[in-house]
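Enquirer: One structure, as structure tokens, below. Some questions next.
The values are calculated or read from the model by the stated rules, or taken from the named source; none is laboratory data. In this text, all values refer to a predicted model and were calculated from it rather than measured experimentally. Here Cβ is always computed from backbone atoms with ideal geometry, including for glycine, and neighbour counts include all displayed protein chains. SASA here: full protein model, heavy atoms, side chains in, ligands and nucleic acids out. Shrake-Rupley method; radii C 1.70, N 1.55, O 1.52, S 1.80 Å.
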Amino acid sequence: MSLLSSNSKKIEPAKRLEGSVRFPGDKSISHRYAMLAALAEGSSEIHFFSSSADCQSTLNCLKQLGVKINRDGGTVTVQGVGLDGLRPSAGPLDAGNSGTTMRLLSGILAGQPFSSVLVGDASLSRRPMKRIVDPLTLMGARILTSESGTPPLEIEGRTLLPIRYELPVASAQVKSAILLAGLFAAGVTEVVEPLPTRDHTEIALEQMGAEVGLHGHTVAVRGRAKLQGKKLYVPGDISSAAFFLVAGLLAPESNLVLQHVGLNPTRTAILDLLVPMGGRVTILNVEVVNGELIGDLHVESSRIEGGEIPGDDIPRLIDELPVLAVLGTQTEQGLSFRGARELRVKESDRIATVAENLRRMGAEVEEFPDGLRVAGKQKLRGAAVDSHDDHRIAMAFAVAGLVAEGTTTIQDCACVNISFPDFFETLSRVAG
Ligand code: S3P
């Protein structure tokens, strides 16, 4: 693998992948710890905080809201201001590329006695916000969006009322926005999910002293909780590890250890899928830290059968679908999934960007409004592919390049900073 320019990368086929890899702290958990630490009483020390640009966007917004935050590499110290201690920002709050920053922070800002403006980059400015505006408006906030329901958001915070809300789409971001708003409402706020999504908000709320209830698909939080600052440890991001997991399974002579990976069951559907299909993955050194499961994954080259990804599992592997589509081309039977319309409104339209790039590499792909079918046993040809400025597309096609014939050039790779700044350096360290 060699560097073309800072923004374009060349990937050569890998004979083997060998070594140990550590990943950035989980992005979802880092956002939540930072936000809840800001609303807590006393200070919190967050270790292994994500090195991603997205989580830095969250820290920047919180600073603009009057929270004192000190960052020393992976250790972030947050001086909590308590539930009523945020101050209006002098200017717009910039969420950058981060949907999680914008949607979760909106829940908090909805309950403030002041107004805020939230903006984002070109990609975030195209993403749907009605999904959070509707429930937060029901709770009493006033929120303006563009005519098409996209950012910027102008949020007039109000005294909020608790609601019971049935989510129309399975989205952890929307669930979390409502639960965070629920902290500012007197009484119990309930969210009903159509399918289970990542539950890091619920776990973190409980860890910091809030009263959280779970019954079936319903999550409840009691408002006006007194959150307590504490020492927190962020697990490695399984959505970043997924690229090395898939690369390790597909490359011919792999022997990889993926260290300290978050194994919360709402995030491990990729393992539930690939192990029964023949993936040689062993889980080692499991522990529970701050209510989150962490372990090491030992990955060896495998023959993967393929098949269909069950629709009910989609929310638990939503961010892994681009790299799973790449894996599909190397399986015995191919891989297909439906029920993933949400992929169309991520950082890029990931159904379209995956299909386009796989075709550029010579693969046979069928595109559906809500999914993809990728034929198996395909020879990928090195080609020029485009990340569409989407970090997960850049990394998924780096993995494709490792198993292709010839050289793959990925345009617009600086976007890997959004979730995994050291991705290419880490890959070249383990790829032989
Ligand atoms: C996230 C939830 C998912 C995921 C995103 C992070 C979170 O989005 O795609 O990368 O931290 O809650 P949705 O909940 O909107 O599906």
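Enquirer: Considering only region 350-382, how many residues are closer than 16 Å to GLN330 by Cβ and either modelled with pLDDT under 95 or buried (at least 16 other Cβ atoms within 10 Å of the Cβ) (or both)?
Expert: Number satisfying all stated conditions: 14.
Enquirer: Shifting gears a bit: Here is a check on your reading of the model: is GLY80 away from the ligand (no atom under 16 Å from the Cβ) and open to solvent by 20 Å² or more (accessible area, probe 1.4 Å)?
Expert: Numbers: away from the ligand (no atom under 16 Å from the Cβ): yes; open to solvent by 20 Å² or more (accessible area, probe 1.4 Å): yes.
Yes, satisfied.
Enquirer: With the requirement that a residue be part of a loop (DSSP other than H, G, I, E, B), in contact with a Gly (Cβ under 9 Å, 6 or more places away or on another chain) and open to solvent by 20 Å² or more (accessible area, probe 1.4 Å), what does region 134-149 give you?
Expert: Within region 134-149, just GLY140 meets the criteria.
Enquirer: Any idea which of (1) closer than 23 Å to LYS346 by Cα; (2) in contact with a Phe, Trp or Tyr (Cβ under 9 Å, 6 or more places away or on another chain) is the one LEU136 doesn't satisfy?
Expert: LEU136 satisfies every listed condition except (2).
Enquirer: Confirm whether SER51 is in a loop (DSSP other than H, G, I, E, B) and touching a strand residue (DSSP E or B) at 6+ places or on another chain (Cβ under 7 Å). Please lay out each step first, then the result.
Expert: On the way: in a loop (DSSP other than H, G, I, E, B): yes; touching a strand residue (DSSP E or B) at 6+ places or on another chain (Cβ under 7 Å): no.
In short, no.
Enquirer: Can I ask one more? Search region 177-190 for residues being in contact with a Ser or Thr (Cβ under 9 Å, 6 or more places away or on another chain) and part of a strand (DSSP E or B), and hand back the single one that is nearest to LEU83 (Cα to Cα).
Expert: The qualifying residue nearest to LEU83 (Cα to Cα) is ALA185.
Enquirer: Looking only at strands (runs of 3 or more DSSP E) that fall completely inside region 191-257, which ones have 1 or more residues that are over 23 Å from the mean Cα position of the chain (by Cα) and free of Cβ contacts under 8 Å to residues at least 60 places away in the same chain?
Expert: Answer list for region 191-257: 212-215, 218-222.
Enquirer: Just checking, does region 159-176 include any residue being part of a strand (DSSP E or B), over 23 Å from ASP370 (Cβ atoms) and of a type in the set (Lys, Arg)?
Expert: Yes: one or more hits.
Enquirer: Pick out the one residue from GLU332, GLU320, GLU347 that is assigned to a loop (DSSP other than H, G, I, E, B) and buried (at least 24 other Cβ atoms within 10 Å of the Cβ).
Expert: Just one listed residue meets the conditions, GLU347.
Enquirer: In addition: So which residues in region 159-187 are out of contact with any Leu (no Cβ under 7 Å at 6 or more places or on another chain), away from the ligand (no atom under 16 Å from the Cβ) and closer than 17 Å to HIS217 by Cα, if there are any at all?
Expert: Matches in region 159-187: ARG164 only.
Enquirer: In region 21-45, which residues are assigned to a loop (DSSP other than H, G, I, E, B) and within 11 Å of the ligand (Cβ to nearest atom)?
Expert: Within region 21-45, ASP26 is the sole residue that qualifies.
Enquirer: Now, a different point. Restricting attention to region 295-317, and to residues there that are farther than 17 Å from VAL399 by Cβ and open to solvent by less than 10 Å² (accessible area, probe 1.4 Å), which single residue is nearest to the ligand (Cβ to nearest atom)?
Expert: So the residue we want is ILE314.
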